[in-house]
Amino acid sequence: MPEPTKKEENEVLAPAPAPAPEEPNKEKEAGTAPAKEPNKEKEAGTSPGKDEEDASPPVALPPGLGSRALERKDSEWSIGESPAGEEQDKQNANSQLSTLFVEKPQGGSVKVGENITFIAKVQAEDLLRKPTIKWFKGKWMDLASKAGKHLQLKETFERHSRVYTFEMQIIKAKENYAGNYRCEVTYKDKFDSCSFDLEVHESTGTTPNIDIRSAFKRSGEGQDDAGELDFSGLLKRREVKQQEEQPEVDVWELLKNAKPSEYEKIAFQYGITDLRGMLKRLKRMRRVEKKSAAFARILDPAYQVDKGGRVRFVVELADPKLEVKWYKNGQEIRPSTKYIFEHKGCERIMFINNCVLTDDSEYYVTAGDEKCSTELFVREPPVMVTKQLEDTKAYCGERVELECEVSEDDANVKWFKNGEEIIPGPKSRYHIKVEGKKHILVIEGATKADTAEYSVMTTGGQSSAKLSVDLKPLKILTPLTDQTVNLGKEICLKCEVSENITGKWTKNGLPVQESDRLKIVHKGRIHKLVIANALVEDEGDYVFTPDAYSVTLPAKVHVIDPPKINLDGLGDDNTVTVIAGNKLRLEIPISGEPPPKAIWSRADKAIMEGSGRIRAENYPDSTTLVIDIAEKDDSGVYHINLKNEAGEAHASIKIKVVDIPDPPVAPNVTDVGDDWCVVTWEPPVYDGGSPILGYFIERKKKQSSRWMRLNFDLCKETIFEPKKMIEGVAYEVRIFAVNAVGISKPSMPSKPFVPLAVTSPPTLLTVDSVTDTTVTMKWRPPDQIGAAGLDGYVLEYCFEGTDDWIVANTELIEKTKFTITGLPTDSRIFVRVKAVNAAGASEPKYYSQPILVKEIIEPPKIRIPRHLKQTYIRRVGEAINLVIPFQGKPRPELIWTKDGAPIDKNQINIRNSETDTIVFIRKAERSHSGKYDLQVKVEKFVETASIDIRVIDRPGPPQLVKIEDVWGENVALSWTPPRDDGNTAITGYTIQKADKKSMEWFTVIEHYHRTSATITELVIGNEYYFRVFAENMCGLSEDATMTKESAVIAKDGKIYKNPVYEDFDFTEAPMFTQPLVNTYAVAGYNATLNCSVRGNPKPKITWMKNKVAIKDDPRYRMFSNQGVCTLEIRKPSPYDGGTYCCQAVNDLGTVEIECKLEVKVVAQ
């Protein structure tokens, strides 16, 4: 750091408040150190603060505290002051002109051991680059160099807001960190600064042990407290000479008796670096003298003792009867070998034996309600250098040791090189050995750069010596030699010198770079340059130059190479193939130094260079044979001869001229299928000089001219099976031969052929019937017939135990049913059938098991259709055609009856077949209604079934219509139902009216269900007739019944007397209007049971099966709509058959109706 300038020397410090008004002037006079002591002036760069000025000297100072106790190399960072005087005014003026801060750091307080962070922000919108910021402690201590474990500086930049944020974080604060700080920011000609204070408080509840030696030491790099804020590095390095022993000076006594303005001068003179901390300690020791009732003499303010010594505390009591207790840092002290108490009259004495650094603390004694306190300072003796360093000379590469001895074992010693501290590390060449009091600095492999002045420093002295490192004289033991090597061989340049030093290799004046092929070897005094696989470019002048010497070792390298022919790209037999008609340019790489001369020849005839069709062309690194238009006769062996000064080389090359092969002969189609065929052919006669690699096959329809390639991968064989052809279409096929040159011309097409295929086997071959001598089989046509169609079928059979199949039909069977006759009774036969077309017979369809030739009795079974299981209703004149299937073998006997009597076949047609019977009535009449019974009989087995047929017609007119009453515009009518209801229920009535004058009929009411009605809104004064039609599901009756009398609507004001009606009783016991009917159901199909009921109140409906109520069964669904009750049985099984009952209940009674349900299983 530069020396303080004159401006700094004359700088006036800011006055601090003091008790006397003249103290600021004295403080101003003491603001700078005397000029005759510039080094001390540099060390003391701070002025006393307010705490120091207010602190008064101690009442009594411990004896023996001299400057040696304060002259310590290591010290904690001390407190400085903010800029003052002219420099402060200048900075304030600059900050007012150009303000850069948008947020300034604010002062704060922190407890000992805690962290605190100060933040400053700078706006960068108008700045082109980052501003420069500095953090200071006091006036001049730059904190950038103090960053470490106790101080961290950080900066960030926010791109969106363009604000720089600078942070200073103090970690684990100590008491002496307190003081004034300053932050300065500069950018070009702009400047801004601000000051802030930091207060450090002691942790509550603890009384720190004060060690005066460690309290004022400097922090050094490499120690546990490295990175603490100290300014010892700012002090000018000065040679520390061994000074003569001087009498110890009691600094505490000097400070006690000195004025506050003289504190800084005393700190300069006696090397006190932490004056502020020391004055704070004095301030805490300050006491206000007052008379004590308990103590006649109190403790001195402070005591001082050497480490290992003995100290004596004495107080005198005013009353010897008072009880005295001694305390250390608030804890009572008990008598022991270390603490000894004595009573001498009114004196109370405490001895502390063998003092250690932990005894450095505050002590007090209590007597009654009063106490007095003091502080004890324990100091360590300074470490002296007992054996000085000696000047040393050494050569480069040697191990150097600098040795000294100190007065104590394992003392803290620091080494310096040219005034800079030496910090040893794992990668450093400097190592420090400590052997008791002996300290040795070891330098491994000394170099010229190690020539310097080395010094060692302790707390009580220092020593220095000079080290000189020179080069040893170099001798060349083995020089480099010139070399001549063949191309591809190893080049090894080797030399040996007298010293183990490094050096540099050059080639033609340029540095040699190491690579995979070029290696530089240095082993001891031997240096090698090894080049593997020498190349022509490796030739040149090589020089080795030892480092730090002006000696050079030269050598020349010459590389030679005999001629060589490179035929690696031609294969093992050196054959070159060229297609006829193409140009051949065969370039052969050659090598040799100097370039060789090449001569081409064929059959002992040289090929000259020129412009012929076959010619040679020579180049330095290759020779070329050129054939402009290759011909078949150009095939043969060609020779190359190379020759240069280093030797000769010979080689032979075979040239082969090839062409495309001849086309194959026309192929043959040997087999044909439904969409495929088999094609064969012979290889071509001439293969073009190259082996046949394979064939391409193409086909086309005979009528088409478009050929389609069938294979994209070469066919290696002379047989191929084309597929995916259209059945029934004529095709042709041709072949291409392929060799390495190309594809031949196509062969002649094959003879036309048509793909045809037999059908697939017939399906569903079953036995239709069997008798004692015949078996009737039936089947279905094949699934796939194809373009060849279907000509017929062939039915074959063989007897069980034989493999002789006998054709049952002499001619093709056109139908899908055939009877095999002439079979022996009780024999067993296997049956199969084939479909036949133009392509042949299909695969046979076999019956799965042998068939017994014997007629089998099958019991009869009638399958009544579902719609016939209920009453079958038809209108008069409609046709009735009922088909009832049945089963049974042999052919059963059928008997039809109507209402128990035989059917009149003149009115009803009956037609029977082997599987069903048909009842046909062309025009139904009402006389055809009735119950028809069918009886199917096979030998002793009988099956019966019944069918109800009802033929309905329009009803007759009502029997009598009469006018019951006439009043006002109303007429009351009544009538009786018709005698003939048309064989079905009457569903309603239609009422019409007619004016007597016009007798035109108009409908008044339609679909009326009752037999009485009131006609309203008649015209007064008119006379009306009325008539009524009956209606059923066939329609209205053909005739209507008219009233015999007419109804006259009187015009006069006849007083109408309302008839008196009794309240009609609408209640009615439940009654079924439509009963349940017996029902047949097919297993697996839903079945329903229906009935209708009426009653008032509305009856409750309950369904039962076999007298058990049906409740919460998911297989049943029950509906009731407008009196119609329905029970749905989901997918019934035979288990669901039985007697079902519907029960209707209301307050007037209970009624039930039953039916039977039979569930039949259909045989698969």
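The values are calculated or read from the model by the stated rules, or taken from the named source; none is laboratory data. All of these numbers come straight from a predicted model, not from anything done at the bench. Glycine also receives a Cβ, built like all others from the backbone with ideal geometry; neighbour counts cover every protein chain displayed. Accessible surface is based on the protein model in full, side chains and every heavy atom, while ligands, DNA and RNA are left aside. Shrake-Rupley method; radii C 1.70, N 1.55, O 1.52, S 1.80 Å.
Students often get this wrong, so check it: of Lys104/Lys137; Lys861/Lys940; Lys104/Lys149, which have C-alpha atoms separated by over 20 Å? Before the final figure, lay out each step's value.
Details: Lys104/Lys137 16 Å; Lys861/Lys940 13 Å; Lys104/Lys149 25 Å.
Going by Cα-Cα distance, Lys104/Lys149 fall outside the 20 Å limit.
Extending each Cα 7 Å along its Cβ direction at Arg129 and Ala449, get the distance between those two points in nm, one decimal.
Simple spin-label model gives 2.9 nm for this pair.
Just order 979-987, 706-714, 338-346, 949-957 by mean Cβ neighbour count inside 10 Å, highest at the front, would you? Mind dumping the intermediate values first?
Numbers: 979-987: 16.1, 706-714: 11.0, 338-346: 12.6, 949-957: 20.7.
Going from most to least packed, we get 949-957, 979-987, 338-346, 706-714.
If you take every residue apart from Pro511 with its C-beta less than 14 Å away from the C-beta of Pro511, what net charge results, scoring Lys and Arg +1 and Asp and Glu -1? It would help to have the intermediate numbers written out before the result.
Details: positive: Lys504, Lys507; negative: Glu514, Asp541, Asp547.
My count for the surroundings of Pro511 gives -1.
What FRET efficiency comes out for the pair Lys997/Cys1034, r = Cβ-Cβ distance, R0 = 51 Å, nearest 0.05? Before the final figure, lay out the partial values.
Values: r = 35 Å, r/R0 = 0.68.
Efficiency for this residue pair is about 0.90.
Just to make sure I understand: if all protein chains stay in place, what is the order of Ile443, Ile423 by accessible area at 1.4 Å, largest first?
Values: Ile443 0, Ile423 85 Å².
Highest to lowest solvent-accessible surface, that is Ile423, Ile443.
So, with +1 on the Cβ of K and R and -1 on the Cβ of D and E, and no other charges, what is the size of the charge dipole of region 324-479 about its Cα centre, to the nearest 20 debye?
I would put it at about 480 debye.
Give me the extension gain from Ile873 to Glu1045: residue separation times 0.36 nm, minus the current Cα-Cα distance, reported in nm with one decimal.
Working: separation 172, 0.36 × 172 = 61.92 nm, distance 3.98 nm.
Net length gain for the segment: 57.9 nm.
Give me D for region 409-533 in µm² s⁻¹, whole number, from Stokes-Einstein with Rh from the Kirkwood sum over alpha-carbon pairs, 25 °C and 0.890 mPa s.
Values: Rh = 18.7 Å.
Rounded to a whole number, D works out at 131 µm²/s.
Taking H as built 1.01 Å from N, whose amide H comes closer than 5 Å to the amide H of Lys504, not counting residues under 5 places away?
So Lys504 has HN proximity to Thr545, Asp547.
How about Lys1098: which lysines have a C-alpha closer than 22 Å to its C-alpha, ignoring those fewer than 8 places off in the same chain?
Qualifying lysines at Cα under 22 Å: Lys1111.
So which lysines can Lys817 reach, going by Cα to Cα under 20 Å and dropping same-chain residues fewer than 8 places off?
Lys778, Lys834, Lys845, Lys854, Lys889
Tell me, what ³J(HN,Hα) does each residue in region 662-667 have, in order and in whole Hz, if you take phi through Karplus 6.51 cos²θ - 1.76 cosθ + 1.60 with θ = phi - 60° and put x for Gly and Pro?
Once rounded to whole Hz, the list reads 6, x, x, 6, 4, x.
For region 840-980, what is the charge dipole size about the Cα centre, in debye to the nearest 20, if Lys and Arg each add +1 at the Cβ and Asp and Glu each add -1 at the Cβ?
400 debye
Kindly provide log₁₀ I(q)/I(0) values, in the same order as q = 0.18, 0.19 Å⁻¹, from the Debye equation applied to equal alpha-carbon scatterers of region 1038-1161.
After summing over all Cα pairs, the log10 values are -0.95, -1.02.
Once the piece of chain linking Lys702 and Glu893 is laid out straight, how much longer is it, given 0.36 nm per residue of separation minus the C-alpha distance between them?
Values: separation 191, 0.36 × 191 = 68.76 nm, distance 6.46 nm.
My answer for the length gained is 62.3 nm.
Mind checking which lysines have their Cα closer than 21 Å to the Cα of Lys723? Skip sequence neighbours fewer than 8 apart in that chain.
The qualifying lysines are Lys700, Lys701, Lys702, Lys751.
Checking the table Lys414/Lys466; Lys146/Lys174; Lys134/Lys174; Lys564/Lys654; Lys130/Lys417; Lys427/Lys523 against a 27 Å threshold on Cα-Cα, which pairs fail? Numbers along the way, then the final one.
Working: Lys414/Lys466 16 Å; Lys146/Lys174 15 Å; Lys134/Lys174 22 Å; Lys564/Lys654 19 Å; Lys130/Lys417 36 Å; Lys427/Lys523 23 Å.
Table pairs above 27 Å Cα-Cα are Lys130/Lys417.
Skipping prolines and chain starts, which residues have an amide H placed within reach, meaning under 5 Å, of the one on Asp916, given they are 5 or more residues away or on another chain?
Excluding prolines and chain starts, which carry no amide H, the hits are Phe886.
Pop out the carbon and sulfur fraction of the accessible area of region 604-647 as a percent, whole number, probe 1.4 Å. Don't skip to the end; give the middle numbers.
Working: 1300 of 2560 Å².
Carbon and sulfur: 51 percent of the exposed surface of region 604-647.
Under a plain spin-label model, where a point goes 7 Å from the Cα along Cα-to-Cβ, how far apart in nm are Ile440 and Asp573?
Going from the Ile440 label point to the Asp573 one covers 8.2 nm.
Region 308-339: which GluC sites (Glu not before Pro) are DSSP loop and have at most 12 other beta-carbon atoms within 10 angstrom?
Values: sites: Glu316, Glu323, Glu332; in loops: Glu323.
Taking region 308-339 and a limit of 12 other Cβ atoms within 10 Å, the loop GluC sites (Glu not before Pro) found are Glu323.
Ordered by packing density, taken as the mean number of other Cβ atoms within 10 Å over each peptide's residues, highest first, how do 635-644, 818-827 rank?
Numbers: 635-644: 17.2, 818-827: 14.0.
Going from most to least packed, we get 635-644, 818-827.
Just how many % of Cα pairs in region 1095-1164 lie over 20 Å apart, if you round to the nearest whole percent? Let's see the in-between values first.
Values: 820 of 2415 pairs.
The share of Cα pairs beyond 20 Å in region 1095-1164 comes to 34 percent.
On a full-extension model of 0.36 nm per residue, what is the gain between Met1104 and Lys931, subtracting their alpha-carbon distance, rounded to one decimal in nm? Before the final figure, lay out the partial values.
Numbers: separation 173, 0.36 × 173 = 62.28 nm, distance 2.89 nm.
So the extension gain works out to 59.4 nm.
Kindly give the semi-axes, whole Å and largest first, of the ellipsoid equivalent to region 989-1106, taking each as the square root of 5 times a Cα gyration tensor eigenvalue. Spell out each step's value before the answer.
On the way: eigenvalues 402, 98, 17 Å².
The three semi-axes for region 989-1106 are 45, 22, 9 Å.
Could you give the dipole magnitude of region 670-822 about its Cα centre, charging the beta-carbon of Lys and Arg +1 and that of Asp and Glu -1, in debye to the nearest 20? Don't skip to the end; give the middle numbers.
Details: 16 positive and 21 negative charges, 237 e Å.
Dipole size: approximately 1140 debye.
On the principal axes of its Cα set, how long, how wide and how thick is region 539-593? Give whole Å, largest value first.
Taking max minus min along each principal axis of the Cα atoms, region 539-593 gives 72, 18, 17 Å.
What are the ³J(HN,Hα) couplings of region 780-786, residue after residue, when phi is run through the Karplus curve with 6.51, -1.76, 1.60 and θ = phi - 60°? Round to Hz, x for glycine and proline.
10, x, x, 5, 10, 9, x
Can you give the FRET efficiency to the nearest 0.05 for Lys716 and His639, using r as the Cβ-Cβ distance and R₀ = 30 Å? Walk me through the numbers on the way to the answer.
On the way: r = 38 Å, r/R0 = 1.26.
Efficiency computed from Cβ-Cβ geometry: 0.20.
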